[in-house]
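A short write-up of the structure that comes next.
Please treat every number below as a calculation from the coordinates, not as lab data. Note that the structure is a prediction, hence the values are computed from the model and not measured. Backbone-built Cβ (ideal geometry, glycine too); neighbour counts: all protein chains shown.
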Amino acid sequence: MTVLSYLIPISVLLGGVGLCAFLYTLRTNQYDDPEGDAQRILCDDWDEHPRP
């Protein structure tokens, strides 16, 4: 039972770190254009000869 006194705060701390990391990615606008990324992967412009 003493192990739970260590594991519960550690899991809450790790969950908080994950939540802070997710909120950071939201605030830095990393999820703004998911449709553009889906279209860009199908484009051949950047495969062998990138545009100048």
Distance in nm between label sites at Leu13 and Leu42, each 7 Å beyond Cα in the beta-carbon direction? 4.7
For the range 4-9, in residue order, the Karplus 3J(HN,Hα) values (coefficients 6.51, -1.76, 1.60; θ = phi - 60°; whole Hz; Gly and Pro = x) are 5, 5, 8, 6, 5, x
